[in-house]
Amino acid sequence: MRQINAPIKHNANIKKRLQGLFLSFSEDDHPTLELLLEDVAVKRLKPGQEIYRIGSICDSFLLLLTGTVRVQLSSPRGRQITLRRLGPGDHCSLTTSCLLGRSVYPADAISESHGEAVAISRETFHRAFEQSPGFRRFVLEGYAFSHANLIARIEQLAFVPIDTRLSNALLDFHEKGEDRVTHQELAVELGTAREVVSRRLKQFESEGWVRLARGRITVSDRNSLRQLGNPCYLD
């Protein structure tokens, strides 16, 4: 893992937030909880910062406290596909897989915003996983949830038409009050080529559903996009 920032000493607020994440721990797990709370490094994240790159060795188990991290795959030709976004309280199933399987990271993980994460060393992770049913349950439940999301993402990329995915993405941005988005950013989000997104957006504009400007896409007809955004799976 590339060094994110110099570790800072964790404080009472960090400990409180970690305790909140480990609510499933029982009384018997308290020694392990104390071990985890004492052996963490807090990492500060910045927008665009590379946390893992494909082929990286996973030397710690990361828990995201604040911010957003995008996990993506990149082809040799530069095409990118977003696999999952991690938010506060999440941990990456790919990191878990690397630590348990002693393999390298198979994707890229990039911070999308300012944030904080706690890093639990490989040695402490394995010790806690072996000794604590509560920590083991916490890790495996997160792994199962992330794995289910990944399968749903693959299903979406494989079977949902691009127009449907694009309309839903535009509505998501609109509902968040965000209109500054590039065609390339949408292409990464949707797992397709920028040229495909540009052609579809031109069609949407001709229908009067969106207005296009440099670096900005404004939704003009939410109802039409919602109709198009209804899931439609191919046989």
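Throughout, read-outs are computed from the coordinates displayed, never taken from laboratory work. The structure presented is a predicted model; accordingly, all values stated were derived computationally and were not measured. Every residue, glycine among them, receives a Cβ derived from its backbone with ideal geometry; neighbour counts consider all protein chains shown.
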Exercise for review: Grab the other residues whose beta carbon is less than 15 angstrom from that of L73, score K and R as +1, D and E as -1, and report the net.
Suggested key: +4
Review point. Going by average Cβ neighbours within 10 Å, how do the peptides 55-62, 148-155, 43-50 rank, with the highest at the top?
Key: 55-62, 43-50, 148-155
Review point. What is the dipole size for segment 31-96, taken about its Cα centre, with +1 at each Lys and Arg Cβ and -1 at each Asp and Glu Cβ, in debye to the nearest 20?
Key: 640 debye
Check your understanding: So, with +1 on the Cβ of K and R and -1 on the Cβ of D and E, and no other charges, what is the size of the charge dipole of segment 161-228 about its Cα centre, to the nearest 20 debye?
Key -> 160 debye
Review point. Amide H neighbours of E112 under 5 Å, counting only residues 5+ apart in sequence or on other chains, H built in-plane at 1.01 Å?
Key: G48, T68, V69, R70
Check your understanding: Dividing the convex hull volume of the Cα atoms of segment 138-196 by its residue count, what figure in Å³ per residue is obtained?
Key -> 102 Å³
Check your understanding: In a GNM of the chain with a 10 Å cut-off on Cα contacts, which of E175, E189, E205 has the highest mean-square fluctuation?
Key -> E175
**Study point:** Calculated from backbone phi, Karplus (6.51, -1.76, 1.60) coupling profile of segment 113-127 in Hz, x at Gly/Pro
**Key:** 7, 5, x, 9, 9, 10, 10, 9, 4, 3, 5, 5, 4, 5, 5
Revision key, fill the gap. On the formula 1/(1 + (r/R0)^6), with r taken between the Cβ atoms of D179 and N149 and R0 of 35 Å, the FRET efficiency rounded to 0.05 is 0.85
Review point. Against the longest alpha carbon principal axis of the chain, how many degrees, from 0 to 90 and to the nearest 10, is the axis of helix 194-207 turned?
Key: 50 degrees
Point to revise | Lysine pairs meeting the criterion (Cα under 22 Å, 8 or more apart or interchain), as found in the chain | key: 6
Check your understanding: Applying the Karplus parametrisation 6.51 cos²θ - 1.76 cosθ + 1.60 with θ = phi - 60° to the phi angles of segment 150-158, what ³J(HN,Hα) value in whole Hz is obtained for each residue in order, glycine and proline being reported as x?
Key -> 5, 5, 5, 5, 4, 4, 5, 5, 7
Practice item. Can you work out the PRE-style zone for R85? Point 7 Å along Cα to Cβ, and I want the residues of segment 152-176 with backbone N under 14 Å. Key: 168-176
Review point. Over the Cα atoms of the chain, what is the Rg over Rh ratio if Rh follows Kirkwood?
Key: 1.03
Point to revise | Long-range HN-HN contacts of R53 with modeled amide H, under 5 Å | key: R2, A109
Exercise for review: May I ask you to list the residues of segment 84-122 whose amide nitrogen lies under 13 Å from a point 7 Å from Cα along the Cα→beta-carbon direction of S74?
Suggested key: 107-111
Practice item. May I ask you to list the trypsin sites (Lys or Arg not before Pro) in segment 71-130 that are in a DSSP loop and have at most 11 other Cβ atoms within 10 Å of their Cβ? Key: R77, R102
